[in-house]
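Written below as structure tokens is the structure these notes are about.
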Amino acid sequence: MILSQINGITIRILKESDYGIVKPFMRDYFHYDEPMGIGLQEQIHLQNEAEVDKEYLSVIRQGLSIVAFDENSKNLLVGIAVAEKMDPNIMEKQHKEAAEMESNALGRSRKMVAKVERDANIFERCGVSTYLSLIAISVHSSMRGKGLLGQLSMCLLNLGRSRGFPLFIGCSSSYYSARSAMKQGLECIHSQAYADYKDDQGRTIFNPPAPHTHMRVVAAKL
Ligand SMILES: CC(C)(COP(=O)(O)OP(=O)(O)OC[C@H]1O[C@@H](n2cnc3c(N)ncnc32)[C@H](O)[C@@H]1OP(=O)(O)O)[C@@H](O)C(=O)NCCC(=O)NCCS
């Protein structure tokens, strides 16, 4: 299903059969470009690989994720946004799984997202029992700074609205994605400074380069 066509960029629902190109796209333009992965020495894209593939495929089957292709570059995949349905039961299960994960890069990042989601107290604060939750968003490096993020976000919000979700939530690890969200009218309902997120020995776990100082939970009523 096509959601938008502007200047040769087509945005449509992500299909299960796209995973073969989406997976390497995430390796090349997401995992090591998003602030928690910048400079990472571990190969996060290979960690818990079979399980992660299964999780992504099941999320994709929900039909709430989108992809952008550029006709001007032989239909190159230029952007992705992976999103899923969230409710208190799903969140509890995910947080339990995150708590039980080993402390590899994937586990550390899932644990931080879980803490930030818990602290944000989303269901009570926003008075909803379900919402559309953004898991990952990224743009091809050759297309960055051209506003594609804004187009992807707009399509995702419209998709969420059309599927009856009352709320959209993104846990934004990047200064740029949070700023872009707020420019689009989303509200930051909670934030966690990376400098204050520490392990048992009081050492910071993530030290992304400036301007990525906080993980921010951004929200939009749909
Ligand atoms: C964050 C991201 C999705 C933004 O996508 P985008 O389509 O470039 O977004 P925008 O065009 O709105 O640009 C956002 C800002 O990125 C910065 N930017 C511009 N060109 C850039 C480039 N070539 N490389 C990196 N950042 C650039 C600019 O500061 C820009 O702000 P501006 O509009 O004031 O110039 C993209 O940089 C990305 O994929 N990053 C890696 C994955 C990631 O961090 N995802 C978000 C995690 S929650």
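Every read-out reported here was derived from the displayed coordinates using simple, explicitly stated rules and does not represent laboratory data. On a predicted model such as this, the values are computed, not experimentally measured, just so you know. Heads up, the Cβs are rebuilt from the backbone with ideal geometry, glycines too, and the neighbour counts pull from every protein chain shown.
Structure values in brief
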| quantity | calculated |
| --- | --- |
| Max mean-square fluctuation residue, GNM over the chain, Cα-Cα springs under 10 Å, options M26, M101, M112 | M101 |
| Charge dipole magnitude, Cβ of K and R +1, D and E -1 - the stretch 24-81, Cα centre, debye nearest 20 | 180 |
| Translational diffusion coefficient (Stokes-Einstein; Kirkwood radius from C-alpha pairs) of the stretch 28-115 at 4 °C, 1.567 mPa s, in µm²/s | 88 |
| Cut-off of 10 Å, at most 12 other beta carbons, DSSP loop: longest stretch of the chain lacking such trypsin sites (Lys or Arg not before Pro) | 75-202 |
| Percentage relative contact order, the chain, counting C-alpha pairs under 8 Å, at least six apart | 20 |
| Value at 222 nm in deg cm²/dmol, rounded to 500, when DSSP H runs of n ≥ 4 in the chain each add -39,500 (n - 2.57) | -11500 deg cm²/dmol |
| Positive-end residue of Q62, Q47, F206, charge dipole of the chain with Cβ unit charges | Q62 |
| Too-long pairs where the Cα-Cα distance tops 30 Å, listed order kept, from K23/K74; K74/K111; K15/K93; K111/K146; K146/K198 | K74/K111; K111/K146; K146/K198 |
| Cα gyration tensor shape for the stretch 2-221, rounded if a/c is under 1.5, else prolate or oblate | rounded |
